[in-house]
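Here is the structure we will look at, set down as structure tokens.
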Ligand SMILES: Nc1ncnc2c1ncn2[C@@H]1O[C@H](COP(=O)(O)OP(=O)(O)O)[C@@H](O)[C@H]1O
Ligand SMILES: [Mg+2]
């Protein structure tokens, strides 16, 4: 009799994945020859400070962007070998997306948003699966509401339902709790955790927040386009400790507002240590573990153009 070998399947892999933006003196190596495996049925967090390459890695792994060199495999499918039609099918059928800015269609109800990718693909809605997901997400009495009639947390739960409707091989989230208050963030993270535990969903989430990453099975740390560390089963404290070693400057404790002003010279120059502006370096979000500054506005006014176009490609291709 053959011995039973317990095998963990690889849901996706990056091989020598490199992304270079710009040219000449403006060249930025966002990812530098990354090798990275995503395990099936696991919740993986990709961590790192702003600009470390998290979004670039996720967009490449999710087949939303093309690498400069290297390749991504979804299961055994090499993304670089696919023509546009097959790429569209791969994104539509095998990948789910959750974005920071929800990216719901404002004119559609929650229910219509959730089933939109299936409608576009001309597929039938599995009503049992729909009811199950909507039930777990507590959206049952919100299905006929439009996004503007929903809280941010409810909108992101609708986006979670949409991402899982086609039973994708992998759900990718780029800072999915970045626009949420801590209670709503906890609900979304709890749902992602449950989707892994109950539905054996594979989830990859980009976050710079140790609290969010503590819901994951595995945290992979990026710095300057390299994977520099990895932890399994880490608590928030473990993650914060690792971050304080890996990213000493960006994880300095924030002094209270009063202390800040007393430490800041009144007429001093702007701090040279300030990171460049980006979608995810709001210090309140970065340092206190998930406090959102305010409710986001209507999606179309609020979403950066690049994210909007990526979201559109992910949803509507
Ligand atoms: N479209 C782009 N054009 C030029 N540079 C970019 C572009 N997108 C990202 N970058 C640069 O690549 C690096 C990694 O960015 P990104 O993947 O967005 O990091 P993160 O998500 O960790 O903040 C940064 O230096 C960023 O400025
Ligand atoms: Mg990012």
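Taken together, the values in this text are just the output of simple stated rules run on the coordinates, not laboratory data. Keep in mind that this is a model prediction, so the values were computed, not measured. So basically every Cβ, Gly included, is an ideal-geometry build from the backbone, and we count neighbours across all protein chains shown.
Before moving on, here are some points about what is shown:
- Full extension of the chain segment joining residue 68 with residue 9 gains 18.6 nm, where the gain is 0.36 nm per residue of separation less the Cα-Cα distance.
- Translational D in µm²/s for segment 1-99 (Stokes-Einstein at 10 °C, 1.306 mPa s, Kirkwood Rh from C-alpha pairs): 107
- In this simple spin-label approximation, residue 199 and residue 125 carry label points 7 Å from Cα along the Cα→Cβ vector, and these lie 1.5 nm apart.
- Note: segment 105-187, Cα convex hull, 100 Å³ per residue.
- Packing-based ranking, highest mean first, of 77-87, 36-46 given that Cβ atoms within 10 Å are counted: 36-46, 77-87
- Between residue 240 and residue 182, full extension at 0.36 nm per residue minus the direct alpha carbon distance yields a gain of 19.1 nm.
- Area projected by the alpha carbon convex hull of segment 59-144, averaged over all directions, nm²: 7.2
- Alpha carbon Rg of segment 191-250, scaled by the compact-globule rule 2.2 N^0.38 Å: 1.16
- Descending by average beta-carbon neighbour count within 10 Å, the peptides 108-119, 51-62 line up as 51-62, 108-119, the highest first.
- For segment 28-183, the convex hull drawn through the C-alpha positions has a volume of 138 cubic angstrom per residue.
- Whole-number Å³ per residue for the convex hull built on Cα positions in segment 128-172: 76
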